[in-house]
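Reading through the structure tokens given below for one structure.
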Amino acid sequence: MPLSRILLVEDEPNISSFIKRGLEIKGYDISICANGADAWTKLQTEIFDLLILDIMLPDMSGLEICRQFRDKYGYAVPVILLTALGTTDDIVKGLDAGADDYLPKPFQFKELEARITALLRRAVKQNPSEQEILQYSDLQLNTQTKRASRHGKDVALTAKEYRLLEFLLNNKERVLSRTTILEYVWDLDFDTNTNLVDVYINYLRNKIDKDPQNKLIHTIIGLGYVLRIE
């Protein structure tokens with residue numbers, strides 16, 4: 001079985017060598033870039049199974065690399081962002097750019113390893129050759145093209161908005177707690193006090209629930225959220 005190829009983009013040599021050494025011991029094939037411009041060039045000529053991007057980089061930020069990569073190559077390759085910034089707003093910006101996960105510095109290597117394992121496992125489970133339409137009422141989601149529509153009109157989604165909507169549709173009419181949503185959409189636990197789920201629920205509502213007489217996403221006070229017709 002071929003080694004999973006990972007591109008690490010990190011401008012601090014001590015951090016990049018530490019991560020590279022640890023991941024190579026675990027059996028990964030690691031390439032390193034120290035700035036955003038070199039990373040973007042490499043991404044256009046080589047194929048990787050996962051990207052690890054520091055946000056603060058010379059020439060081109062990790063956010064911009066992630067955003068351009070998603071625009072050009074889609075969402076099949078998982079992306080982890082590394083940064084010293086860790087507020088909810090910072091996390092939202094990273095996830096809106098198309099990242100799958102977000103790891104604030106400093107971090108334990110075993111935490112990074114666990115997130116890589118989870119994201120690669122999830123990527124393997126996905127089968128891009130199968131097209132499936134998830135539908136509830138007049139809301140549709142194409143799990144191959146990652147496109148949504150409501151009332152027959154296309155709805156543009158970010159990577160996390162898509163994953164959240166997919167989860168809601170796969171569990172329609174079931175009340176989902178914030179913790180359950182965090183564990184599925186973001187794979188690993190965040191601080192249980194974070195309002196990340198509420199932020200993204202509001203994003204979805206602004207896109208698919210504009211008609212106050214025909215809302216599908218409902219808040220169940222003290223329990224969580226549910227997708228249902230009322």
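Label separation (Thr45 vs Lys110): 4.0 nm, computed from points 7 Å beyond Cα along the C-beta direction.
For the pair Asn14 and Asp198, a Förster radius of 25 Å applied to the C-beta separation gives a FRET efficiency near 0.10, rounded to the nearest 0.05.
Figure the gain on full extension for Leu3 and Glu132 (residue separation times 0.36 nm, minus the Cα-Cα span) and round it to one decimal in nm.
43.5 nm
Using C-alpha pairs under 8 Å with a sequence gap of at least 6, the mean separation divided by the residue count of the chain gives a relative contact order of 13 percent. On a per residue basis, the convex hull of the C-alpha atoms belonging to segment 27-101 measures out at 93 Å³. Just check segment 65-182 against the gyration tensor rule for me: Cα atoms, a ≥ b ≥ c as the square roots of the eigenvalues, rounded for a/c under 1.5, and otherwise prolate or oblate depending on whether a/b exceeds b/c. The shape class here is prolate. Backbone phi angles across segment 221-230, fed through the Karplus curve with coefficients 6.51, -1.76 and 1.60 (θ = phi - 60°), yield HN-Hα couplings of 4, x, 10, x, 10, 8, 9, 6, 8, 10 Hz in residue order; Gly and Pro are listed as x. For a 20 Å ceiling on Cα separation, which of these pairs sit above it: Lys20/Lys110; Lys93/Lys210; Lys72/Lys160; Lys153/Lys210; Lys160/Lys207? Pairs exceeding the cut-off: Lys93/Lys210.
For the chain, the Kirkwood radius over C-alpha pairs fed into Stokes-Einstein at 10 °C and 1.306 mPa s yields D = 85 µm² per second.
How much length is gained on full extension from Lys210 to Lys26, taking 0.36 nm per residue of separation minus their Cα-Cα distance?
Fully extending the segment from Lys210 to Lys26 adds 61.5 nm.
Look at the alpha carbon pairs under 8 Å that are at least 6 residues apart: their mean separation over the length of segment 57-123 gives a relative contact order of 34 percent. Cβ-Cβ distance of Thr145 and Arg122, R₀ of 22 Å, FRET efficiency by 1/(1 + (r/R0)^6): the value works out to about 0.75. Using the Karplus relation 6.51 cos²θ - 1.76 cosθ + 1.60 with θ = phi - 60°, the per-residue 3J(HN,Hα) values for segment 15-30 come to 5, 5, 5, 5, 5, 4, 4, x, 6, 5, 4, 7, x, 8, 9, 10 Hz, with x marking Gly and Pro.
Based on protein heavy atoms only, the chain ends up with 51 Å² per residue of surface accessible to a 1.4 Å probe.
Quick one: work out the % antiparallel among DSSP beta bridges in the chain, nearest 5. Working shown, then result.
Values: 16 of 33 bridges.
Counting DSSP beta bridges with both partners in the chain, the antiparallel share is about 50 percent.
The peptide list 202-211, 61-70, put in order of mean Cβ contacts within 10 Å with the highest first, becomes 61-70, 202-211.
The values are calculated or read from the model by the stated rules, or taken from the named source; none is laboratory data. For clarity, every value in this text was computed on a predicted model and none was experimentally measured. Note that each Cβ is placed from the backbone with ideal geometry, even for glycine, and that neighbours are counted across all protein chains shown. These area figures cover heavy atoms from the full protein model, side chains too; ligands, DNA and RNA do not enter into them. Shrake-Rupley method; radii C 1.70, N 1.55, O 1.52, S 1.80 Å.
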